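Coordinate-derived values only; no laboratory data. Keep in mind that what you see is a predicted model, and the values were worked out from it rather than measured. Reconstructed Cβ throughout: ideal geometry from the backbone, glycine too, with neighbour counts over all protein chains shown.
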Amino acid sequence: MQREPERQVALYANICLPIDHTGSAGRRVLGDPGTWEALELPKYVYIFVMKQEGSEWAVWKREERVLSEGEWARTRYYGLNNSRGDSIFQYREKIRFFLVGEKIKGRVFAICSNQKLTFNTTMQSINDMEDLLDWKFNTAPDSIQANLQNIYSTPYNYERNDSYYCSFDCLAGNAYTIDLILYHVAAKVDIKWNVDPARRVDKETPANGIRVTSMKACNLFNGQAYCFKPMENSVGATPLATGDTITIVQPTDEGLWWEGRSYFYTIPYTTTTYADYFPLQMQLETNNSGNQYKPTIYMEIDKSSPFVPWLRANFNVTQPLVAKTEDKRVDR
C-alpha cells in the first residue's frame, strides 16, 4: 500500500513599510518619522522564523533575500495591527515557508535595508531567542551611516492583544499569513535655528551682527546596534567619546546663516548616568569667531515604547556665542 505524502502547509509573510518612500506620507505610529522625506525602499531582508517548543524558542527557518524594486506597491493596510487604514508599501511577492508534516506556532522577525548589512555574528549562529534579541548590525560604515533612515525592523516588544505582533499559529494545520510591518531603527533628530532678526547681518552691514557660521552634531552612535531592540542601545556612563559627526552648517552656507531647519537620523542610545535620555551633542559657532559653543542636550525618551523617537532641538540666537561646554536636560 502506497503511503500518502505528508500534507504541506504554508506560512506566508507580507513585508510592509509604513513610510512612503516618495516622502508624501506622514507619521504612521507615534515616534515613527517620515513627513515629506525622501526614503528609499529596502533591497535586502533578513528573516527569522522562531518556533516555540514548550517554554523555549528555537530558530525554525532563517533566510536572507534580495528584494526587487519592481515588486513594491503602495496600498492601504487593513490587517490587525494598529496602523489599520494607513498607507503602506507592501512587497507583492509573499515570503513563503513550507511546513511539511509540522504544526507549529511561533514568531517572525525581520530587518531590511537598502544597503547590505553586516552583523556581529552570522545568521547561522543564531539558535534561540536570546541569540536573536542580542543580534546587532554594524552602523560604522559611511554607507550605512548615510542610510540609517532606510533600515527597518520588527521591534520585539511591540504587542497586539498581549502578544508579539508578528506571531503566527499553524497548530490546526492550516496555512497562515502574517503581516511583517517593519519600523525605523534610527531616530529622527530635527534641528531648527533662528538668529534674532534685529541682530542679523548681511554682506553690507557691520561685522558686529550675528550669523551662525558653523553647526555640527557630534559623537553620534557608530557601533553595533540592536536589530530588534532599537530602544535599548546603551553606551555606558557618558556619551560616546568618539562617534559620527554630521555637519549641518558650514561657513560657505550663506543661506543658512540666520535661520534654517535640518534633520538627520541616528541610532538612539542612552547612558547609565541619564538612563532615560538621549545625549545629543552639538557644536555651534557664530561669525567665524572660533568660539565653539558645545552643549550636550539630554533629550528624554520613552524607553517603554518599541518605536524610536522623533527628537527636536531649537536654537534661538540673540547674541554671539562664546566658548562654553554645558549640559542641558530636556523633559517631555
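What to note about this one:
- Largest first, the three principal axis extents of the alpha carbons in segment 187-330 are 54, 24, 23 Å in whole numbers.
- Shape box of segment 9-184 [Cα atoms, principal axes, largest first, Å]: 46, 36, 31
- Per-residue Cβ neighbour counts within 10 Å put 318, 154 in the sequence 318, 154, beginning with the fewest.
- Cα-based shape type of the chain, given that a ≥ b ≥ c are square roots of the gyration tensor eigenvalues and the cut on a/c is 1.5: prolate
- Cα pair count fraction exceeding 22 Å, expressed as % - segment 249-332: 35
- Residues 129, 50, 123, 231 arranged by fewest to most Cβ contacts within 10 Å: 123, 129, 231, 50
- Within the shell of other residues whose beta carbon sits under 11 angstrom from the beta carbon of residue 116, the net charge comes to 0, with Lys and Arg scored +1 and Asp and Glu -1.
- Cα gyration tensor shape for segment 157-268, rounded if a/c is under 1.5, else prolate or oblate: prolate
- Residues 148, 133, sorted so that the one with the fewest Cβ neighbours within 10 Å comes first: 133, 148
- Spin-label model, residue 237 to residue 123: label points 7 Å out along the Cα-to-beta-carbon direction sit 4.1 nm apart.
- Lysines whose Cα lies under 24 Å from that of residue 328, excluding same-chain neighbours fewer than 8 positions away: 188, 192, 216, 294, 303
- Within-14-Å neighbourhood charge of residue 284 [Cβ basis; K, R +1; D, E -1]: +2
- Eligible lysines near residue 103 by straight Cα distance, threshold 28 Å, same-chain separation 8 or greater: 51, 61, 94
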